[in-house]
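No lab work stands behind these numbers, since they all come straight from the coordinates. Bear in mind that the values here come from a model prediction, so they are computed numbers and not experimental data. Note: ideal-geometry Cβ built from the backbone for every residue, glycine included; neighbour counts use all protein chains shown.
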Amino acid sequence: MRLYYQSRTDFLAGCRDCLPLMVGGVPFGIMCGVMAASAGFTPMEVLLMSLLVFSGTSQYVAIMMFQSGNALLGSLFLNVLLVNLHNLLLMASLSPYIANLPGLVRNLLCFGISDGTYAITMNRIRQFGYSADYQLGASAVQYVFWTAANMAGVFLINHVPNLLSWGLDFTITAVFIAILIPQLCDRITLCVSLAATVAAVLGACYLSGKWYILLACGTAVITGVVLEGRMKNET
Amino acid sequence: MRPEIVVLIIVMAMAALFTRFASVILLRRTGMPAALQRCLKWVPVGVFSALVASAIFSPKGVLNLSFQNPYLLAGIVAIFLAWQFRNFVVTVGLGTIAMLLLRAGGL
């Protein structure tokens with residue numbers, strides 16, 4: 001079986017360039033496995049989840065909802081959709097390169113997209129132009145490391161039982177903070193985040209279920225679009 | 001594997017797959033409209049702000065801004081760490097330790 005599409009060299013270069021990203025990805029994956037197991041998912045369920053969903057934030061959100069006994073399928077679908085919506089943007093920017101590739105390669109590239117793969121693929125495009133094999137290599141490394149890290153987490157928990165009762169329910173929040181804060185690098189994004197925060201707290205107090213997330217998203221979009229429009233008019 | 005969990009995982013997978021395939025399949029000919037692009041780029045910040053805000057300001061579904069709220073205190077510590085170090089392990093590791101210390105201190 002051949003893992004690459006045309007160029008083995010490009011595939012291996014994609015694999016290699018992805019490895020430094022794994023320094024951050026592996027702890028994220030291990031933590032995700034630990035949280036899943038402590039929320040009551042069995043090892044096989046965690047394996048299935050990481051193989052099919054392959055999205056850290058989605059898995060954290062699902063674990064959080066499952067833990068709070070709030071995992072209704074409709075709202076789970078909606079929340080996973082929301083935390084993944086930015087994939088639409090990543091794929092939209094890559095689609096000129098991908099849309100006309102043969103079906104299997106195109107589907108693998110779509111399935112394997114992640115923030116890390118996107119970042120290094122764009123970097124490669126800037127330097128040498130697009131290579132499907134490069135992107136496949138990057139995705140393959142992310143996929144294998146992600147699943148392995150999840151499973152490592154699942155088996156680690158057997159040695160440190162009752163993690164949740166120690167107050168580790170805060171860990172998921174810390175994960176979200178570690179994802180959010182580095183994104184707040186300009187004034188508009190900061191304002192958008194603050195507006196979404198206010199909307200979320202009001203929503204969490206007065207709406208049922210997870211609707212506050214949708215409310216905060218709507219607020220974020222309106223705030224961002226308005227502020228950005230106003231900035232353009234000023235300049 | 002419990003059947004209900006398998007269903008839950010398949011639902012998650014469908015949502016995630018949609019976001020990965022939709023751009024390439026649906027917008028293959030037209031491309032993503034610029035207006036949609038301008039809106040979508042704010043969604044991640046909105047989602048993560050919401051998840052963090054509800055978890056630290058209203059952990060039990062009611063607003064709790066007091067210093068008796070360990071989630072708020074640990075959240076402030078984690079936000080400070082994330083802002084200072086921009087490092088996943090530092091933020092999650094030390095943030096969690098802060099929470100454990102608060103719990104050990106009786107909060």
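Scan region B:67-76 residue by residue and report those that are more than 7 Å from every other protein chain (Cβ to nearest Cβ) and assigned to a helix (DSSP H, G or I).
Correct list: B:Pro70, B:Leu72, B:Leu73, B:Ile76.
Can we say A:Phe170 is surrounded by 15 or more Cβ atoms within 10 Å (Cβ to Cβ) and in contact (Cβ under 8 Å) with a residue 12 or more places away in the chain?
no
I need every pair where a residue in region B:5-16 that is more than 7 Å from chain A (Cβ to nearest Cβ) has its Cβ under 9 Å from the Cβ of a residue that is among the β-branched types (Val, Ile, Thr) and surrounded by fewer than 19 Cβ atoms within 10 Å (Cβ to Cβ), sequence separation at least 6 or different chains.
none
Note down all Cβ pairs under 9 Å where the first residue falls in region A:64-85 and is closer than 16 Å to B:Pro44 by Cα, the second is of a type in the set (Lys, Arg), and they're at least six residues apart or on different chains.
Note: pairs meeting the criteria are A:Leu78/A:Lys210; A:Asn79/A:Lys210; A:Asn84/B:Arg20.
More than 19 Å from the chain's Cα centre (by Cα), loosely packed, with under 15 Cβ neighbours inside 10 Å and not in a helix (DSSP H, G or I) - does that describe any residue in region A:213-235?
Yes; the residues of region A:213-235 include at least one that is more than 19 Å from the chain's Cα centre (by Cα), loosely packed, with under 15 Cβ neighbours inside 10 Å and not in a helix (DSSP H, G or I).
Taking region A:51-106, which residues are at negative phi, outside any helix (DSSP H, G or I) and crowded, with 17+ Cβ neighbours inside 10 Å?
A:Val53, A:Ser55, A:Ala71, A:Leu85 - these are the residues of region A:51-106 that are at negative phi, outside any helix (DSSP H, G or I) and crowded, with 17+ Cβ neighbours inside 10 Å.
I'm told B:Ile79 meets every condition in (1) more than 7 Å from chain A (Cβ to nearest Cβ); (2) buried (at least 18 other Cβ atoms within 10 Å of the Cβ) except one. Can you identify the failing condition by its number?
That leaves (1) as the condition not met.
More than 8 Å from chain B (Cβ to nearest Cβ), aromatic (Phe, Trp, Tyr) and within 28 Å of B:Ile97 (Cα to Cα): does that describe A:Phe170?
no
Return the only residue of B:Arg20, B:Arg103 being at the interface with chain A (Cβ under 7 Å from one of its Cβ atoms), surrounded by fewer than 18 Cβ atoms within 10 Å (Cβ to Cβ) and either over 16 Å from the mean Cα position of the chain (by Cα) or part of a helix (DSSP H, G or I) (or both).
B:Arg103 is the lone residue from the list that is at the interface with chain A (Cβ under 7 Å from one of its Cβ atoms), surrounded by fewer than 18 Cβ atoms within 10 Å (Cβ to Cβ) and either over 16 Å from the mean Cα position of the chain (by Cα) or part of a helix (DSSP H, G or I) (or both).
Name the single residue that is nearest to the other protein chains (Cβ to nearest Cβ) among those in region A:107-130 being assigned to a loop (DSSP other than H, G, I, E, B) and not small (Gly, Ala, Ser).
Here the answer is A:Ile113.
Looking only at residues that are over 22 Å from the mean Cα position of the chain (by Cα) and surrounded by 15 or more Cβ atoms within 10 Å (Cβ to Cβ) in region A:185-197, which one is nearest to B:Leu36 (Cα to Cα)?
Checked region A:185-197; the qualifying residue nearest to B:Leu36 (Cα to Cα) is A:Ile188.
Quick check on B:Arg38: is it part of a helix (DSSP H, G or I), surrounded by fewer than 22 Cβ atoms within 10 Å (Cβ to Cβ) and facing chain A (nearest Cβ under 7 Å)?
yes
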